[in-house]
Every structure is written in structure tokens, then in C-alpha cells.
Amino acid sequence: MTTTLPELAVRQQPLGAVGTAVHQHITTLQRGYLDDRSEAVGALARLRRGIGRPAGETPDLWGLIGTEPLYERYERADITEEAMRWAEEAAHAAVTLWSLHQQSHHTTRMHRRPGPEFGTAVRRLHPGAEIDEPTRKRFVRAGTAATPAVLAGRLRDLVLLLRRDAVPLDYGLLADQLYDFQQTGGPQRVRRSWGRSYLAVRVTAQKGGAGGNGEAGASDTTIPEDDTP
């Protein structure tokens, strides 16, 4: 007989202003890259050079991050100078990390909306239901990052693993979380959310006849093929 243990559902979260801008921008770039358009391929190569660098520090990336909708709000004084800096850093980190994630994947979208949260994506790197200790340690290191710059560097290591195994990620949601990370209480909120999504895995135990062996496997939730904002 087969017994399925309850699955902790992964909640699809609505996007804020930063996540929406990032989602819309990456969606456009991703379509161009998958269509092998030279301007999109070139943009991703340039974006990868910005990984781990502060937002705005690389002039070659001006206009490639997709923060124009946020600047419009800033000009209308809808957001403060401090909030704009948080938004710039979050969008820069998310878009440049996606450019690394998408590299060499010419037929598969590495940004999905709706798609897996960061913790869920990392858990999918584990074989079966067992937790891979080296990957878990990288995930823990990312969770204990004290600053946005350190966090971006540690996320890069995990994104390389996600790229290797073609595991997609919701970069709009990641951008919102990187924005929240810079606010009071933000690191705790982001860590809690990542931890929950990391543990939200379905385990299936199979029992045969007398003396049968149990077997477990991780869930593989289908992500809708939807590029719409």
C-alpha cells in the first residue's frame, strides 16, 4: 500500500512594487534570450558582470536593471530616498543573479512566476527526501548573512547549483525579500519564510507486502508556464 504524508503547501505570495518591476523586466529579457535575440544575449552577459557589486556602481548596467517604474514613484515622492536605495540594491541583486541562473539555458525559463520560493528551490537540489548536508550548509550560510552584500555573494553560490540542476526560482519574490531584508526586522522575516519553504516537502512512503521496505521522495510540484505579470 502507499501512504502519502500531508504536504505543507507553499503559499504563493503577491508581489510588491520592487518584485513587480523585477518580474516584468526579467520576463522581457528572458523571452528575448530564449528567442536568441542578440540584444538580450548581450544584456545577460553584461548583467553577470554586476553580480556582487553595489547597485549603480557599474555604469554599463545603467538601464539594464529595470528600475524605471521605481524611479517614477521616487520622482513623485511616493517613496523615500532610503527606500529607493533599498529597492535599487534588491533589484540589482535579483536581476544579476537571474542572469547567472539563466546562462546556458536556452529552452527553459529559470525565472518563473508563480514559481518556487528560494527555500523550496534549494530543497529541490536534494536527492529524494534526504537532505544533502553540503547544500544545507550553503543554505544556512545564506540565512546567516548579516548584510545585503554578504547575502548576495552567498546566494550566488546556491544559484550556481540551481543552474546546474535547472531548478527555477521566482525572482520577483526574491527581489521583494531582498528589499525587506534591508528593513528593520527584515532579516528575521526573510529567514523565517525561507526556512518554512525549505521544509515544505511532500514525502511518500511506500509499503509492500510483509517485510516490504519504505521509500521516500521529494515532491515535484508543477509550475505553470505563465509569463504574465
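Before moving on, here are some points about what is shown:
- Within segment 151-174, the set of residues being surrounded by 17 or more Cβ atoms within 10 Å (Cβ to Cβ), of a type in the set (A, V, I, L, M, F, W, C) and in a helix (DSSP H, G or I) comprises Leu151, Ala152, Leu155, Leu158, Val159, Leu161, Leu162, Leu173, Leu174.
- Looking across segment 57-84, the residues that are among the aliphatic types (A, V, I, L, M), at pLDDT 90 or above and out of contact with any Phe, Trp or Tyr (no Cβ under 8 Å at 6 or more places or on another chain) come down to Leu61, Leu64, Ile65, Leu70, Ala83.
- Filter pass, Ala146 being assigned to a helix (DSSP H, G or I), out of contact with any Asp or Glu (no Cβ under 6 Å at 6 or more places or on another chain) and not aromatic (Phe, Trp, Tyr): no
- Verdict on Ala146 being farther than 21 Å from Val22 by Cα, surrounded by 14 or more Cβ atoms within 10 Å (Cβ to Cβ) and at pLDDT below 95: no
- Criterion: at positive phi and either touching a Lys or Arg at 6+ places or on another chain (Cβ under 8 Å) or modelled with pLDDT of 95 or more (or both) - qualifying residue of Gly185, Gly119: Gly185
- Selected residue (criterion: nearest to Pro54 (Cα to Cα)) from residues of segment 149-182 that are modelled with pLDDT of 95 or more and of a type in the set (Gly, Ala, Ser): Ala175
The values are calculated or read from the model by the stated rules, or taken from the named source; none is laboratory data. The structure presented is a predicted model; accordingly, all values stated were derived computationally and were not measured. In this analysis, Cβ positions are derived from the backbone assuming ideal geometry, glycine residues included, and neighbour counts consider all displayed protein chains.
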